[in-house]
Amino acid sequence: MDKDLPALILAGADENIRADLENIFADKYSVVEAADEAACLEFIAGNSVKVVIVALFAENFDSFEFIKNLAHDDRLREIPIMAIIDHGDDEGAARALDLGAMEFFTRPLSRAVVRHRVHNVLARYENRRHRIEKVARDQYLTELQHYIDIDSLTGLYRRGTFYKKAADLMHANPYVPYAIVYLDISCFKVINDLFHIDTGNRILKTTADYFKRTLNPRVGLCSRVEADHFILCVPQDTLDIEKLICELDITIQSLNISHNILFYAGVYIVTDISLPIDQMCDRASMALRKIKGNYVTRYAYYDASLRERMLKEQMIVRDMDFALKDNQFTIFLQPIYNSKTKTIVSAEALVRWFHPESGMISPGYFIPVFERNGFIVRLDRFVWEAACKFLRGQLDAGKPVVPVSVNVSRLNFYSFDLVIFLLNLIKKYNIEPWMLKLEVTESAYTDNPQQLSSIIRQFKEIGFPVLMDDFGSGYSSLNMLKNLQFDVLKVDMAFVREIEQSERARKILRTIIELAEELKMGVVTEGVETQTQLDYITEMGDVDIQGYYFSKPLPLKDFIELFDKQTGN
Ligand code: C2E
Ligand code: CA
Ligand code: CA
């Protein structure tokens, strides 16, 4: 047998037939004789066999039984069977076809007929095989797609599928106003930590089942986009957000998990269907973030100002590093006056950001962002240095100086080199420590009282005056006052704001001032804007005043001018 040619098996035929077939297919197939069923099977197992040809006129060989067995053998049914019959043996041909043969030819063999029939049979088989493979492939692809589309834990759409289906839904119903609801489960990580992961999974599945039960798939969609986050896309008029959250809470409570599990939602009402779905979902999630950590409010709607705030915040983070190198930050000085003498006794350095595109950005915007991302440490150091530079400039010009106070944001207290940095700074600019006052707010105290107390002691040993900023604006002001040695109390603006209208507010402010005097501390009242406020405060004691009544924060040049006027320079 020629190894390179695919084989035809001939069963039950005599020598002549075999020679004929070999002759007919010499260029295409090798012809192999199988004496019986076992020999045939053995050969098929080890070779690439195209067709089994069975001679019906065989002696000592049950051709029909052979055909039947081949046709029903799972491993062999893919190989076509053909029969050779004696001329006129219609009955035999019919029986062979009936048992599973595909074609027959008659003896004596005609070269053309045999070649054509074998060719046709193989072509038909090949077609069928392709069809079968295609069906199997399609089925596999469908399964794969399902796997890609559907979250296996909950049976809900995954994120990508949800985006696509939601876009389709909205475009198919352009006049239906939709809402996107972003749902989150409170403290889900804690649940996974406290209980077995199965508990977390049970919560997710139960939540998904609730959506499957209550959401008509023709009008709304639901997805588990990640971990414990679900997104719904529903017609706005079918959404009752309070009811939804309440029912979800009850559904999960019915699982009897000994932990309070609550749902929170952010809602974006789709006003512009041309917006990509992922951005709609971002808006819903932005609304959700607004109430994160808030245990009373359980849902929030997205509004445009929120988006503006986020964009601004992104811009701030994007530009901050370059801005510092590019000298976009500068300091302003706000003069602080003594209430009795009405003269400038110190100043507070306040940072300003002149952004090349956005113009001046208020510290109220960027300081909280920097406090969150840590950049405040670098910015504060920049401001301290700017303040020292200013003082050095004044001294070099032979002018008298008043101390400048700078803000020391709480994150600074985590820097191991904070004290050294300040010490090096006054050395570098050759200024005396009393000239640089340090303002500390109580958030630093709540973070780490021990460490703060030790650092403040070091500040005082060096000789830096330490101020307690925004006194009375938080919870632990009095504790901080009791435990730490401040030189000056800066009373928060909120106290001053009300003293004109409220006798009670005046009493409180008076008490604070007396308390500070008792503790031998100086007092600065912030936010004094009117003559009346000033009069009340002046009457209460010898305090310093920082406020628009006297002056807004000024560019250095303006401050110098104002100060020169006072000192006669
Ligand atoms: P703060 O330290 O309490 O600074 C006083 C703020 O009150 C300043 O706002 C000042 O302009 C404002 N102010 C002064 N007098 C009045 C008044 O009569 N009425 C009103 N309505 N406001 C008055 P500014 O400069 O916008 O700074 C806001 C806050 O940003 C500061 O509050 C401080 O917490 C932070 N900040 C500013 N510069 C820096 C800095 O260099 N580093 C750090 N860490 N924070 C800074
Ligand atoms: Ca301050
Ligand atoms: Ca303040």
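The values are calculated or read from the model by the stated rules, or taken from the named source; none is laboratory data. Bear in mind the structure is a predicted one, so any value in this text is a computation, not a measurement. Virtual Cβ from ideal backbone geometry, glycine too; neighbours counted across all protein chains shown. What goes into the accessible areas is simple: the full protein's heavy atoms, side chains included, and nothing from ligands, DNA or RNA. Shrake-Rupley method; radii C 1.70, N 1.55, O 1.52, S 1.80 Å.
Percent of accessible area on region 159-302 owned by carbon and sulfur, 1.4 Å probe?
Taking all protein chains in place, region 159-302 shows 54 percent carbon and sulfur surface.
Extending each Cα 7 Å along its Cβ direction at ASP209 and ALA45, get the distance between those two points in nm, one decimal.
Label at ASP209, label at ALA45, 5.1 nm between them.
Suppose every Lys and Arg Cβ carries +1 and every Asp and Glu Cβ carries -1, with no other charges. What dipole size does region 159-302 come out with about its Cα centre, to the nearest 20 debye? Please report the intermediate quantities before stating the final value.
Numbers: 16 positive and 15 negative charges, 30 e Å.
With only Lys, Arg, Asp and Glu charged at Cβ, the dipole is about 140 debye.
Would you mind computing Rg(Cα) / (2.2 N^0.38 Å) for region 448-532, counting N as its residues?
Expressed relative to 2.2 N^0.38 Å, the Cα Rg reads 1.17.
Tell me the volume per residue, in Å³, of the convex hull enclosing the alpha carbons of region 340-438.
Value for region 340-438: 137 Å³ per residue.
Give me the net charge of LEU215's neighbourhood, meaning all other residues with Cβ under 14 Å from the Cβ of LEU215; Lys, Arg count +1, Asp, Glu -1.
Local charge sum for LEU215: +3.
Where does the longest stretch of the chain lie that holds no chymotrypsin sites (Phe, Trp or Tyr not before Pro) found in a DSSP loop with 11 or fewer other Cβ atoms within 10 Å? Let's see the in-between values first.
Values: sites that count: TYR175, TYR295, PHE416, TYR475.
Answer from the scan: 1-174.
Using 10 Å bins from zero, what percent of all Cα-Cα pairs in the chain falls into each bin?
In whole percents, the pair-distance histogram is 3, 12, 14, 12, 10, 11, 9, 6, 5, 5, 6, 5, 2, 0.
Per residue, how many Å² of accessible area does region 146-302 show with a 1.4 Å probe?
Each residue of region 146-302 exposes 51 Å² on average to a 1.4 Å probe.
Just to verify a number: FRET efficiency for ASN479 and GLU247, C-beta to C-beta distance, R0 = 51 Å, to 0.05?
Result of the calculation: an efficiency of 0.70.
Just check region 335-375 against the gyration tensor rule for me: Cα atoms, a ≥ b ≥ c as the square roots of the eigenvalues, rounded for a/c under 1.5, and otherwise prolate or oblate depending on whether a/b exceeds b/c.
In terms of gyration-tensor shape, prolate.
Could you tell me how many degrees, from 0 to 90 and to the nearest 10, lie between the Cα long axis of helix 531-540 and the main elongation axis, the longest principal axis, of the Cα atoms of the chain?
On a 0 to 90 degree scale, this one is about 70.
If you bin every alpha carbon distance in region 386-460 into 10 Å steps from zero, what whole percent lands in each bin?
Over region 386-460, the share of Cα pairs per 10 Å bin runs 18, 48, 26, 8, 1 percent.
Return one whole number: the accessible area per residue of region 416-569 in Å², for a 1.4 Å probe.
It amounts to 52 Å² per residue over region 416-569.
Using the 2.2 N^0.38 Å rule of thumb for compact globular proteins, work out how region 159-302 stacks up: its C-alpha Rg over that value, please. Display every interim value, and only then the final one.
Values: Rg = 14.9 Å, N = 144, 2.2 N^0.38 = 14.5 Å.
Dividing the Cα Rg of region 159-302 by 2.2 N^0.38 Å gives 1.02.
Remind me, relative contact order of the chain in percent, using alpha carbon pairs under 8 angstrom and six or more residues apart?
Averaging sequence separation for qualifying contacts and normalising by length gives 8 percent for the chain.
Treating the angle as unsigned and between 0 and 90°, give the value, to the nearest 10°, between the Cα long axis of helix 277-290 and the longest Cα principal axis of the chain.
40
Can you give the longest stretch of the chain with no exposed loop site, where a site means trypsin sites (Lys or Arg not before Pro) in a DSSP loop (not H, G, I, E or B) with at most 16 other C-beta atoms within 10 Å? Before the final figure, lay out each step's value.
On the way: sites that count: LYS3, LYS28, ARG75, ARG77, ARG218, LYS292, LYS340, LYS342, LYS520.
Counting at most 16 other Cβ atoms within 10 Å as exposed, the longest clean stretch of the chain is 343-519.
Quick check: from the Cα gyration tensor, does region 7-132 come out rounded (a/c under 1.5), prolate or oblate?
Working: a/c = 1.20, a/b = 1.11, b/c = 1.08.
Rounded is the answer for region 7-132, as its axis ratio a/c remains below 1.5.
Would you mind classifying region 502-556 by shape? Square roots of the alpha carbon gyration tensor eigenvalues, ordered a ≥ b ≥ c; an a/c under 1.5 is rounded, otherwise it is prolate if a/b is larger than b/c and oblate if not.
oblate
In degrees, nearest 10, range 0 to 90: what is the angle between the Cα axis of helix 363-373 and the longest Cα principal axis of the chain?
Taking the Cα atoms of the chain, the angle to 363-373 is about 50 degrees.
Per DSSP H run of at least 4 residues, take -39500 (n - 2.57); add these up for the chain, divide by its residues and hand me the 222 nm value, nearest 500 deg cm²/dmol.
Calculated at 222 nm, the ellipticity per residue is -15500 deg cm²/dmol.
I'd like the accessible area for HIS171, computed on protein heavy atoms only with a 1.4 Å probe and all protein chains in place. Round to 10 Å², please.
120
Where Rh is the Kirkwood radius over the Cα pairs of region 275-409, the temperature 10 °C and the viscosity 1.306 mPa s, what D in µm²/s does Stokes-Einstein return?
89
List the aspartates and glutamates whose alpha-carbon lies under 12 Å from that of LYS460, not counting same-chain residues fewer than 8 positions away?
In chain and number order, the partners are ASP487.
Can you work out the Karplus-derived ³J(HN,Hα) for every residue in region 193-203? Use 6.51 cos²θ - 1.76 cosθ + 1.60 with θ = phi - 60°, whole Hz, and x for glycine or proline.
6, 6, 10, 6, 4, 4, 5, x, 4, 5, 5
Enter the accessible area per residue of region 7-132 (Å², integer; probe 1.4 Å; all protein chains in place). Mind showing how you got there, number by number?
Details: 6700 Å² over 126 residues.
Value returned for region 7-132: 53 Å² of accessible area per residue.
Report the GluC sites (Glu not before Pro) located in region 354-412 that are in a DSSP loop and have at most 10 other Cβ atoms inside 10 Å of their Cβ, or state none.
The qualifying sites are GLU357.
With only Lys, Arg, Asp and Glu charged, each at its Cβ (+1 for the first two, -1 for the last two), find how big the charge dipole of the chain is about the Cα centre; round to the nearest 20 debye.
Its charge dipole is roughly 2120 debye.
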